[in-house]
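Beneath this line is the structure, given in structure tokens, with notes to follow.
The values are calculated or read from the model by the stated rules, or taken from the named source; none is laboratory data. What you see is a predicted model; the values in this text were computed from it and never measured. So basically every Cβ, Gly included, is an ideal-geometry build from the backbone, and we count neighbours across all protein chains shown.
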Amino acid sequence: MQPTNPQPVHAAVLVIGGGNAGIALAARLINSGMDDVAIVADAHRGTLATALAVLFGATGLGSAAVAVALPVLTDDLGATPGRAALVVSCYSLALAVGSAIFGRLGDIFGIRAPLMVGLGLMTTAACAGALVDSLPALIATRTLQGLGAAAVPALTLAAIQAIFIGDSRARAMATYAGVGATVNVLGPTVGAVMVEPLGWRPVVAIPVVTLALVPMVWRDLPTQRQAGASLDLPGAILIGIAATGAVLALQAATLGRTTALGGLLALVVAAPWAVRRARYRPDGIVQAAMIRDPGARRSLLTTVSLPAAWFGMLVAIPTALASAGWTGIEVGLLLLPCAALGLIAPRITGPALVTLGSPRSQLLATLGTALALALATVGTALVSPAPLILATLVLMLSFGLGQPAMTALVADSVPPRTRGGALGLLTLFFLLGGSLGAATVGGLGGEIGLPKALLTLTLLPLAGAIAFARHLPSRLP
């Protein structure tokens, strides 16, 4: 019942025109018992997927850019480096906690309204953060900014699933992954270029530029409410506690071991409780259908592996090169080939996803992620640009293939009326994977060295590859 790009369509009923009107009409036809319904939408769907991808990437770009600005920010506000790191940590915490909740709000109220609320909160808090004159005030505004930003990855992902169908959805997801990753990887470069002449305040305000994309996506964002969807407040509280615990447990280097242990305790208590609730609340925020589906469960390994490798490398590569005397701008230039590949990667990964199907695509993506980490291990050990550039290129292709595949399996494991909540939960795992990668490299790098820390992360994608290799379907789709 979702729109596609213009192409020959053969169906019992053909709905001409996309947007909310087309989706609503197709939904009514399907609910009345007519299964063979297709939608032909206008040609701007490729632009729509790109705009949604830029929104997604901007949430990561803003955080990475602020991380680069931390030394300047620390000096200007008279803070210690440990306390200044809370500017990034609290943003990450709010982003993770809010993602699953915003995903469910998309089911209840439609995607457009909660996404606009999130964007409004994110940009307002970013403007306020750029004007504050104390570290506590900046931490507070960054926390609010992260809470608003939580709407973006969860609901833009849900929008792609709602607006596109079939092969067009696979290609749209490839665009979403490639362009989103490109915007994300530009974060350190943008931060370095801006902070030297302008200071840290404009860097904090970067999310304001996302408002320019609202007119491009407004008309097509679904507003249809899913019948029977509810927030599941107790489940949301448990997920919030578990997510908070997971993020705190990964921040021992900045928040101290006591806080990290408290976070680990919260995670160990709340996470199993949230999963057990699915037995008597199957459509809760943790859905029984998603837990029962083997493909969805295996996809969570990919969901954690890809961002863990990505953010682990984004910590290791600048650190290794900076120790060899590279400037922030020089490090950013090294990442530009990866960013350029992200713009054309959908032309490769989109058709590959259609041909291979989701399980085989995730197998290839996890193997590619392990290879990228191995190359980064060699590059950081030798402080050599060539293997580091190759590592980022391999990881970009793996990301562009793996993210659409894992999203498809998770989205298809639950009914449409609760799909937003499932994708919000998927986003939560994705964000926690990024925190895990950064914390592993940041925490272990000083103890065992950056190369060995990166090598440790290869265990995640290798575990995912083994899981998919053992359960591949006998035929291609």
Point to revise | Of all residues making up segment 348-388, the number that are at pLDDT below 95, of a type in the set (Val, Ile, Thr) and not in a loop (DSSP other than H, G, I, E, B) | key: 5
Check your understanding: So is Leu138 assigned by TED's automatic domain parsing to the domain that holds Asp283, in contact (Cβ under 8 Å) with a residue 40 or more places away in the chain, surrounded by fewer than 24 Cβ atoms within 10 Å (Cβ to Cβ) and touching a helix residue (DSSP H, G or I) at 6+ places or on another chain (Cβ under 9 Å) or not?
Key -> no
Review point. Looking at (1) surrounded by fewer than 20 Cβ atoms within 10 Å (Cβ to Cβ); (2) at negative phi, which is the only condition Pro461 fails?
Key: (1)
Check your understanding: Yes or no: Leu333 in a helix (DSSP H, G or I), in contact with a Pro (Cβ under 9 Å, 6 or more places away or on another chain) and not β-branched (Val, Ile, Thr)?
Key -> no
Practice item. Report whether or not Leu431 is within 23 Å of Gly180 (Cα to Cα) and touching a Ser or Thr at 6+ places or on another chain (Cβ under 7 Å). Key: yes
Check your understanding: Just a yes or no: is a residue in segment 315-329 of a type in the set (Gly, Ala, Ser), over 30 Å from Gly178 (Cα atoms) and in contact with a helix residue (DSSP H, G or I) (Cβ under 6 Å, 6 or more places away or on another chain)?
Key -> no
Point to revise | Ala162 buried (at least 24 other Cβ atoms within 10 Å of the Cβ) and under 17 Å from the mean Cα position of the chain (by Cα) | key: no
Review point. In the list Thr258, Thr303, which residue meets the criterion of being surrounded by fewer than 23 Cβ atoms within 10 Å (Cβ to Cβ), hydroxyl-bearing (Ser, Thr, Tyr), out of contact with any strand residue (DSSP E or B) (no Cβ under 7 Å at 6 or more places or on another chain) and modelled with pLDDT of 85 or more?
Key: Thr258
Study note, to complete from the structure: Restricted to segment 142-151 and to residues being crowded, with 24+ Cβ neighbours inside 10 Å and farther than 15 Å from Arg104 by Cβ, the residue nearest to the chain's Cα centre (by Cα) is Ala149
